[in-house]
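Here's the structure, in structure tokens; my notes come after.
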Amino acid sequence: MATIRRRLTPEASRLAALEAARALLIEAGPQAVTLKAVSARIGRTHANLLHHFGSAAGLQKALAEHLAATVCESIAETVRGAQAGIAQPREIVDLAFDALDKEGGGALVAWMLATGHEDAIEPFVETIHQMVDELHPEEGDHGVDVEAHRATLAVVLMSLGNSLIGDALTKSLRLPDSTARDMAERFVSDSIVQDVAQAVPTA
């Protein structure tokens, strides 16, 4: 009996492809994220994916955008919780580190840069920048929240570096596995304390 393939809207088809690409990234690394592999996994044609993404590089860039958006949404919610005293700074750090390590974001960025697609980092940079500015908007003459930007830079650079060489370097230096996350947590904690201090009106 022939299999009846469920019709999807263009948006749903694109999202299904991105979720399949994300699964392939986690399972086998960025080199496995190809139009052929994704189309086989979701039961769509190669032409269908070409229509949505244009090329394998287009698919990988769209995946980077998808990862950045979903991860930053989770981080933003956690940051708001930390500012309200609900979530802990460590939760923010773990989300960032896991996104670039366990979910393959760091490997994807490194792969795209190594294959000549420097624009691969744009989705991460722009989405993170937008998230920080939304969480720490400019206020009057004070300009941007420098501490928040410094903390964000530290966490992103630490989590990216950790995803690529963290395990080997930590073992070589004979440091605890959690060292990079512990350092990043201190940056986030200091940033949140600074935000609270600035929010308290002076007498």
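Key figures for this structure:
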{"quantity": "Residues satisfying the stated conditions in region 48-64, i.e. more than 14 Å from His117 (Cα to Cα) and touching a helix residue (DSSP H, G or I) at 6+ places or on another chain (Cβ under 9 Å)", "calculated": "Asn48, Leu49, Leu50, His51, His52, Phe53"}
{"quantity": "Pairs, first under 24 Å from Gly29 (Cβ atoms) in region 163-187, second at pLDDT 95 or above and not in a helix (DSSP H, G or I), C-beta under 8 Å, six or more apart", "calculated": "Thr170/Pro176"}
{"quantity": "Candidate set from region 36-76 (those that are part of a helix (DSSP H, G or I) and β-branched (Val, Ile, Thr)); member that is nearest to Trp111 (Cα to Cα)", "calculated": "Val38"}
{"quantity": "Residue selected from region 93-110 under the condition in a helix (DSSP H, G or I), modelled with pLDDT of 85 or more and under 14 Å from Lys61 (Cα atoms), by the criterion nearest to the chain's Cα centre (by Cα)", "calculated": "Gly106"}
{"quantity": "Selected residue (only one of Leu24, Leu18, Leu50 is under 15 Å from the mean Cα position of the chain (by Cα) and either modelled with pLDDT of 90 or more or surrounded by 15 or more Cβ atoms within 10 Å (Cβ to Cβ) (or both))", "calculated": "Leu18"}
{"quantity": "Single condition Val193 does not satisfy, out of (1) farther than 11 Å from Phe97 by Cα; (2) modelled with pLDDT of 85 or more; (3) assigned to a helix (DSSP H, G or I)", "calculated": "(2)"}
{"quantity": "Residue match in region 72-80 (condition: in contact (Cβ under 8 Å) with a residue 24 or more places away in the chain, more than 24 Å from Ser189 (Cβ to Cβ) and either loosely packed, with under 15 Cβ neighbours inside 10 Å or in contact with a helix residue (DSSP H, G or I) (Cβ under 8 Å, 6 or more places away or on another chain) (or both))", "calculated": "no"}
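Residues are listed down the side, and each one gets a yes or a no for (1) touching a Ser or Thr at 6+ places or on another chain (Cβ under 9 Å); (2) modelled with pLDDT under 90; (3) of a type outside the set (Gly, Ala, Ser):
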residue: His46; (1), (2), (3): yes, yes, yes
residue: Ala62; (1), (2), (3): no, yes, no
residue: Glu65; (1), (2), (3): yes, yes, yes
residue: Ala68; (1), (2), (3): yes, yes, no
residue: Ile75; (1), (2), (3): no, yes, yes
residue: Thr78; (1), (2), (3): no, yes, yes
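The values are calculated or read from the model by the stated rules, or taken from the named source; none is laboratory data. These figures come from a predicted structure and were not determined experimentally. A quick note on method: Cβ atoms are made from the backbone with ideal geometry, for glycine too, and the neighbour counts reach across all protein chains shown.
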